[in-house]
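Take a look at the structure set out below.
Readers should treat all values here as calculations from the given coordinates under stated rules, not as data from a laboratory. Predicted, not measured: the structure shown is a model, and the values here were computed from it. Glycine also receives a Cβ, built like all others from the backbone with ideal geometry; neighbour counts cover every protein chain displayed.
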Amino acid sequence: MRGSLTLREISGQPAAWSAALARFEKDAARVDRFFEERPPDEVIFTGCGSSYYLSMTAASAFQQIAGLRAKAVPASEILQFPDSVFARGASPMLVAASRSGTTTETLRAVKAVARRGIPAICLTCAAHSPLARSADLALCSPAGGEQSVVMTKSFSSLLVLGLLLAAQRGGDSELRRELGRLPALGWRVVKAALPLMREIGTTASRFVFLGAGPAHGIAWEAMLKMTEMAQRTAMAYHPLEFRHGPIAVAGPATVAVVFGTDAGATLETALVRDLRKHGAAVVVLRDAPGRASDTEVGVSLGVGLSDAPRSVLYLPFAQALAYWRAVGAGLDPDRPQHLTSVVCL
Ligand code: F1P
């Protein structure tokens, strides 16, 4: 069946989160030692494609939780504009994410920072990859690897590792506890997301994904999933940025998906009203129930998780939406055109 691999990987991803959590448990002391030996004053998260987008969410959470300056950049920026990435006189650390551990730019970025004496951790699904060998410390998602081209369970399980890193460095036991709840909650979410997203946007020509803070990387990943699998026009913005120009194209052919945050709840509710006024169909994902009249489809997870760990639970909705739009258009989500699972230059 078309897309059967991707469907299995979307459906089974909570098992990959469990495996990542268990593996990190074993690596936690090594992580502590690594930071103690070379304490950074800034952490740069990097990767390519989906791995860059998960880096965005991980960096946002890391700075908030560990209280250390953090940002995400595509690996190519480290190669082309290193002085725009690393501040003079700073003591940075690199965290490089890659499902395959063989993507050329990411691998070259890790080697380039090694020449500058910058320590590097990698987050990967491939424990014996060139990236895992090149980094000073490899954190693995043992069940995150996929057979299909697009990243789904690898993305979410590598993100779980990134968030665990933030919790570990920040000594945040509450976040650790929240992350530990993800697999059980994930099975429920997957079950709800797959049928729900099947009927959304069947006639839409444009998809807009909106997320703030840790949900911003999720918005970019949702945009990429829609582009890769369904070849539909898709965009990602910070929610309130959408009014500053992009709203000009909002209309009945637009589906907007809001990955809600607690911090953004009030202002995002007003944005949803504006989007609806212009005829866009809106899907709002959040934790607490909103006013039903505000949205076309309101999904309240009701899981009681804070913004960063809850953002992991938004992924099955984004993945399912792209998956069904691809299937509906007669495309095979397992084999997106022009794509390979790794880019080697
Ligand atoms: C990253 C990546 C994917 C993308 C494509 C090519 O690979 O850019 O995000 O979907 O298939 O590779 P990796 O470095 O995480 O292995």
Express in % the proportion of alpha carbon pairs of the stretch 50-208 at distances exceeding 20 Å.
55
Two decimals is fine: what is log10 I(q)/I(0) at q = 0.20 Å⁻¹ for the stretch 175-215, from a Debye sum with one equal scatterer on every Cα and no solvent?
-0.88
Each residue of the stretch 156-163 in turn: what ³J(HN,Hα) in whole Hz from Karplus with 6.51, -1.76, 1.60 and θ = phi - 60°, glycine and Pro shown as x?
5, 6, 5, 5, 4, 4, x, 6
Take the eigenvalues of the Cα gyration tensor for the stretch 18-67, scale each by 5, and report the square roots as semi-axes in whole Å, largest first.
20, 17, 10
Taking a cut-off of 22 Å between Cα atoms, list the lysines near LYS71, but don't count ones fewer than 8 places away on the same chain.
LYS111
Looking only at Cα atoms, what is the convex hull volume of the stretch 68-135 per residue, in Å³?
81
Rg/Rg_globular for the stretch 19-101, with Rg_globular taken as 2.2 N^0.38 Å and Rg from C-alpha atoms
1.12
Which of the listed residues, LEU131, ALA114, GLY186, is farthest toward the dipole's positive end in the stretch 108-208, when Lys, Arg count +1 and Asp, Glu count -1 at the beta-carbon?
ALA114
So how long is each side of the stretch 252-345 along the principal axes, counting just the alpha-carbon atoms, biggest first, in Å?
44, 32, 24
Projected area averaged over all directions for the convex hull of the alpha carbon atoms of the stretch 218-264, nm², comes out at 3.6
MRE, 222 nm, helices only [DSSP H, n ≥ 4, -39500 (n - 2.57), over the chain, to nearest 500]
-15500 deg cm²/dmol
When only alpha-carbon atoms are used, what values of Rg and Dmax, in angstrom, describe the chain?
19.1, 57
Radius of gyration and maximum dimension Dmax of the stretch 132-219, Cα, Å:
16.1, 49
Can you give the % of DSSP beta bridges in the stretch 60-164 that are antiparallel, to the nearest 5?
0
